[in-house]
Amino acid sequence: MKLASLKSGRDGRLTVVSRDLARCVLADGIAATLQAALDEWATVAPQLAQLATRLEAGTVAAARPFDPRACAAPLPRAHHWADGSAYVNHVELVRKARGAEMPASFWTDPLIYQGGSDDLLGPNDDAPFASEDFGIDLEAEVAVIVDDVPMGCTAEAASRHIQLLALVNDWSLRNLIPGELAKGFGFYQSKPATAFSPVAVTTDELGDAWRDGKLHLPLVSHVNGAHFGAPDAGTDMTFSFPQLVAHAARTRRLRAGAIVGSGTVSNYDRSRGSSCLAEKRTLEQLAGGKPVTPFLRFGDRVRIEMFDAAGRSIFGAIDQRVVPVG
């Protein structure tokens with residue numbers, strides 16, 4: 001099934017969406033919000049699935065057209081948002097450009113940081129920034145949403161706690177990152193509010209594309225209407241989502257509604273394009289001695305989407321405009 005949160009109050013209003021993203025129905029009487037549904041997932045999920053079946057059959061009188069512009073993020077504010085860096089080839093490339101060797105542990109121990117989860121952007125919300133000088137960059141990613149995960153959970157067990165997937169634009173401010181990381185205390189100002197796709201989907205909606213804890217489909221990005229990249233999210237993913245979830249839960253419990261991201265999707269096959277400007281600029285630097293592609297400016301537009309084998313949008317599109325704050 002596919003779930004969305006229509007804008008309403010701070011936490012949205014839970015809505016079941018048809019597979020073709022054309023119709024929807026409020027989940028009134030089942031769960032008011034997606035967080036409420038995840039809190040009681042074992043009980044609530046079957047009820048939502050029944051409503052989704054009726055929506056597909058056309059027997060829901062209260063069905064209405066689905067408008068992604070009316071959507072908040074599936075979880076407009078989440079208890080936990082942790083983003084990994086599962087595509088180690090991407091990390092290797094960026095470090096190579098600055099002449100830094102990559103520790104061997106990067107191939108065996110996932111990188112992850114805890115991001116801000118109190119203000120997550122809807123798919124068509126403007127993306128506000130204080131200055132173009134910060135080096136505004138997109139980061140196209142996939143994320144999973146879990147139910148309650150116990151501390152010390154194994155990767156095998158973690159796979160059973162993954163309930164939903166969504167697309168992510170993990171906006172980054174590249175010119176602020178070096179100074180923050182130099183302090184040895186991680187990202188903060190360089191990681192503004194993250195945006196999510198209109199809908200989150202259960203794994204059964206993905207068919208054979210969801211296997212081995214990875215989503216094997218291209219993640220398509222456009223910048224100002226021009227194709228930017230379509231690397232496959234399953235190819236070259238060093239750490240699977242169950243591995244990332246288990247890593248995050250090594251020393252703490254993850255509560256229902258926690259979101260774990262993949263990091264920037266990247267392939268060794270560079271002909272597929274990139275999922276962030278930093279990677280493209282790195283390739284330009286390695287090839288010609290300096291980056292050519294600029295970071296984003298106010299008025300630029302970014303679109304991120306994923307399609308099934310028949311060319312149908314799975315999650316809907318993240319389609320945002322870069323704007324000055326205020």
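The values are calculated or read from the model by the stated rules, or taken from the named source; none is laboratory data. As the structure is a prediction and not an experimental result, all values here were calculated from the model. In this analysis, Cβ positions are derived from the backbone assuming ideal geometry, glycine residues included, and neighbour counts consider all displayed protein chains. Note: areas computed on protein heavy atoms with side chains; ligands, DNA, RNA excluded. Shrake-Rupley method; radii C 1.70, N 1.55, O 1.52, S 1.80 Å.
Being within 26 Å of residue 229 (Cβ to Cβ) and within 14 Å of the chain's Cα centre (by Cα): is that true of residue 132 here?
Considered against the rule, which asks whether it is within 26 Å of residue 229 (Cβ to Cβ) and within 14 Å of the chain's Cα centre (by Cα), residue 132 comes out as no.
Which members of segment 203-231 meet the condition of being touching a strand residue (DSSP E or B) at 6+ places or on another chain (Cβ under 6 Å) and over 22 Å from residue 303 (Cα atoms)?
203
Quick one: how many residues across segment 113-137 are within 21 Å of residue 219 (Cα to Cα) and either among the aromatic types (Phe, Trp, Tyr) or in contact with a Leu (Cβ under 7 Å, 6 or more places away or on another chain) (or both)?
Final tally of qualifying residues: 4.
If you scan segment 15-28, which residues turn out to be among the polar types (S, T, N, Q) and either surrounded by fewer than 16 Cβ atoms within 10 Å (Cβ to Cβ) or modelled with pLDDT under 95 (or both)?
none
Determine whether residue 181 is more than 19 Å from residue 111 (Cβ to Cβ) and either touching a strand residue (DSSP E or B) at 6+ places or on another chain (Cβ under 6 Å) or hydrophobic (A, V, I, L, M, F, W, C) (or both).
no
Which of the residues spanning segment 29-68 are over 25 Å from residue 161 (Cα atoms) and open to solvent by 50 Å² or more (accessible area, probe 1.4 Å)?
Result: 54, 56, 57, 58, 59, 61, 62, 64, 65, 67.
In segment 151-183, what residues are modelled with pLDDT of 95 or more, acidic (Asp, Glu) and part of a helix (DSSP H, G or I)?
156
Among the residues of segment 96-108, is any within 25 Å of residue 148 (Cβ to Cβ) and either open to solvent by 50 Å² or more (accessible area, probe 1.4 Å) or not charged (D, E, K, R) (or both)?
No, segment 96-108 contains no residue that is within 25 Å of residue 148 (Cβ to Cβ) and either open to solvent by 50 Å² or more (accessible area, probe 1.4 Å) or not charged (D, E, K, R) (or both).
Against the definition (out of contact with any Cys (no Cβ under 9 Å at 6 or more places or on another chain), open to solvent by less than 10 Å² (accessible area, probe 1.4 Å), β-branched (Val, Ile, Thr) and within 20 Å of residue 293 (Cβ to Cβ)), how does residue 177 come out, yes or no?
For residue 177, the condition - out of contact with any Cys (no Cβ under 9 Å at 6 or more places or on another chain), open to solvent by less than 10 Å² (accessible area, probe 1.4 Å), β-branched (Val, Ile, Thr) and within 20 Å of residue 293 (Cβ to Cβ) - is not met.
Could you run through segment 189-230 and say how many residues are part of a loop (DSSP other than H, G, I, E, B), in contact (Cβ under 8 Å) with a residue 60 or more places away in the chain and out of contact with any Pro (no Cβ under 6 Å at 6 or more places or on another chain)? Show your work before the answer.
Taking segment 189-230 as the starting set, the residues that turn out to be part of a loop (DSSP other than H, G, I, E, B) are 189-194, 197-199, 202, 212-213, 216-217, 224-225, 230.
Then drop every residue that is not in contact (Cβ under 8 Å) with a residue 60 or more places away in the chain, which leaves 191-194, 197-199, 202, 217, 224-225.
Restricting the remaining residues to those that are out of contact with any Pro (no Cβ under 6 Å at 6 or more places or on another chain) gives 191-194, 199, 202, 217, 224-225.
The number of residues fulfilling the criteria is 9.
So, in segment 269-304, how many residues would count as being open to solvent by 20 Å² or more (accessible area, probe 1.4 Å) and either among the acidic types (Asp, Glu) or part of a strand (DSSP E or B) (or both)?
So the answer is 5.
Residue 246: more than 30 Å from residue 299 (Cα to Cα), among the aliphatic types (A, V, I, L, M) and either touching a Leu at 6+ places or on another chain (Cβ under 7 Å) or open to solvent by less than 30 Å² (accessible area, probe 1.4 Å) (or both), yes or no?
yes
Would you call residue 319 charged (D, E, K, R), in contact (Cβ under 8 Å) with a residue 60 or more places away in the chain and loosely packed, with under 15 Cβ neighbours inside 10 Å?
no
For segment 231-243, which residues satisfy the criterion of being part of a loop (DSSP other than H, G, I, E, B) and open to solvent by 30 Å² or more (accessible area, probe 1.4 Å)?
235, 236, 238
Out of 12, 84, I need the residue that is under 30 Å from residue 284 (Cα atoms), in contact with a Pro (Cβ under 7 Å, 6 or more places away or on another chain) and open to solvent by less than 40 Å² (accessible area, probe 1.4 Å). Which one?
84
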